[in-house]
Amino acid sequence: MMMDANNASLVMIDYQPRLLPAIRHGQKLVARSVTLGRIAALLDVPVIGTEQSPEKLGENVPSIRRLCAETVAKRRFDASEALRATALAERRQVVLCGCEAHVCVLQTALGLQTLGFQVFVVEDAVGARRQGDRSAALARLSQAGVTLVTLEMVAFEWLRDADHPRFREVQALIK
């Protein structure tokens, strides 16, 4: 199944200042995710953020926070229940990016899948402290039927064709 910008939401998971320094290639992860969020905004895809225990870990970094139409504070690693009351409920596809691949991203993806959403995890926009944890999470997600994609796959599937009125703007972001 292809991703559809008219039926998708983007969820950006836990880009918090106390987590990011420990995340392998954390700044690259933020940059890729900001690009993804900017593409979503251009194509009118709702962007929702989550923050794990923000009173302890801080709010999402400003470059991520400002892309989110709404941000959900949570204590559970699986944000699926907290996300049900957001704009996400109006669409059936959820594209996920964020930290940490083997904890909050994994549990949220599996939770959303259980709730009946089509879930896509952006491989090049998820991170963890250790590469082994990230790799194991991606393998487990794939085995569970979550679709693994890349930022460019998301962008071009949301666009559908080169005649899209935002094609050049999106293309400029990913070059």
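The values are calculated or read from the model by the stated rules, or taken from the named source; none is laboratory data. Note that the coordinates shown come from a computational prediction; the quantities given were computed from them, not determined experimentally. Note that we place each Cβ from the backbone using ideal geometry, even for glycine, and neighbour counts take in every protein chain shown. Surface areas here come from the heavy atoms of the whole protein model, side chains and all, with no ligands, DNA or RNA. Shrake-Rupley method; radii C 1.70, N 1.55, O 1.52, S 1.80 Å.
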remark   = Contact list, first residue from the stretch 62-77 and within 13 Å of residue 35 (Cα to Cα), second anywhere and among the small types (Gly, Ala, Ser) and at pLDDT below 95, beta-carbon distance below 9 Å, six or more apart or interchain, is none
query = What do you reckon, is residue 143 touching a residue at least 60 places away in the same chain (Cβ under 8 Å), surrounded by fewer than 19 Cβ atoms within 10 Å (Cβ to Cβ) and out of contact with any Ser or Thr (no Cβ under 8 Å at 6 or more places or on another chain)?
reply = no
message = Which count do you get for residues in the stretch 57-98 that are open to solvent by 70 Å² or more (accessible area, probe 1.4 Å) and more than 15 Å from the chain's Cα centre (by Cα)?
response = 8
